[in-house]
Amino acid sequence: YASSKEPMKGGFIGEAKVVTNDDITKAKEKLAETLKSSLEQDFILSFTDKDLKILDGAKEFKILKEEIKTKPGAAQDNFQVFGEASLTAIAFKESNLLSLLRNLAQKELGVDLTCKNFEINYGLSRADFESKKISFPMEFKAKFIRPISLDQLREQILNKNETELKTIIFSLPGL
């Protein structure tokens, strides 16, 4: 048996929402998702050089700071979560890579050729953000042609008969 000499204060009648560990975990996941999405969007918009190439696996997202304004078990309808994050990427100029590949192919072929068209397929990259390096397998396919001087060819074929034309055309290198 108990009695109170003062009127009762506080308390709650009905059901109250209580913050759970699961609520906090979900809030952290949502924070990370929102920060990453926002940083990715800003990242894309900040690129002024469209020649820069960022391969899959060459980005690093980090949560730098997380602040949760509640504790598990607190009777609250809502709570706040704040965070800071960073997004780092290793990029390269694809035109520089293409120039290197063309030069290597021309050295390998040993003649003065021009790259008519090409295709580059990149494999999964491995980025080392501490050393600021990236490595990746790639496949380079290209079609090289021997350049022809149209002015010189025009002079050679001017006023030639059909037999002479065939001889000149079929004697062009690469045909």
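The values are calculated or read from the model by the stated rules, or taken from the named source; none is laboratory data. Please read these numbers as outputs of a predicted model, since none were measured by experiment. We place every Cβ from the backbone using ideal geometry, glycine too, and count neighbours over all the protein chains shown. Quick note on the areas: whole protein, heavy atoms, side chains included, nothing else; ligands and nucleic acids left out. Shrake-Rupley method; radii C 1.70, N 1.55, O 1.52, S 1.80 Å.
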Flag if Leu104 is among the aliphatic types (A, V, I, L, M), surrounded by 10 or more Cβ atoms within 10 Å (Cβ to Cβ) and within 30 Å of Ile148 (Cβ to Cβ): yes
Which listed residue is open to solvent by 60 Å² or more (accessible area, probe 1.4 Å), at pLDDT below 90 and basic (Lys, Arg), from Lys65, Lys17: Lys17
Answer from Leu64, Leu87 - the residue that is touching a Leu at 6+ places or on another chain (Cβ under 6 Å) and part of a strand (DSSP E or B): Leu87
Selection count where residues are part of a loop (DSSP other than H, G, I, E, B) and open to solvent by less than 80 Å² (accessible area, probe 1.4 Å), scope the stretch 107-117: 3
Meets criteria (over 30 Å from Cys115 (Cβ atoms) and loosely packed, with under 14 Cβ neighbours inside 10 Å) for Glu33: yes
Condition met for Arg126 (touching a Cys at 6+ places or on another chain (Cβ under 6 Å), touching a residue at least 12 places away in the same chain (Cβ under 8 Å) and not hydrophobic (A, V, I, L, M, F, W, C)): no
From the options Ile120, Ile90, residue that is of a type in the set (A, V, I, L, M, F, W, C) and surrounded by 15 or more Cβ atoms within 10 Å (Cβ to Cβ): Ile90
Flag if Asn78 is among the polar types (S, T, N, Q), in a strand (DSSP E or B) and open to solvent by 60 Å² or more (accessible area, probe 1.4 Å): no
Sole residue being at pLDDT below 90 and open to solvent by 60 Å² or more (accessible area, probe 1.4 Å), chosen from Thr163, Thr70: Thr163
Single condition Lys30 does not satisfy, out of (1) part of a helix (DSSP H, G or I); (2) within 27 Å of Pro137 (Cα to Cα): (2)
Filter result for Arg154 (closer than 30 Å to Ile168 by Cβ and surrounded by 13 or more Cβ atoms within 10 Å (Cβ to Cβ)): no
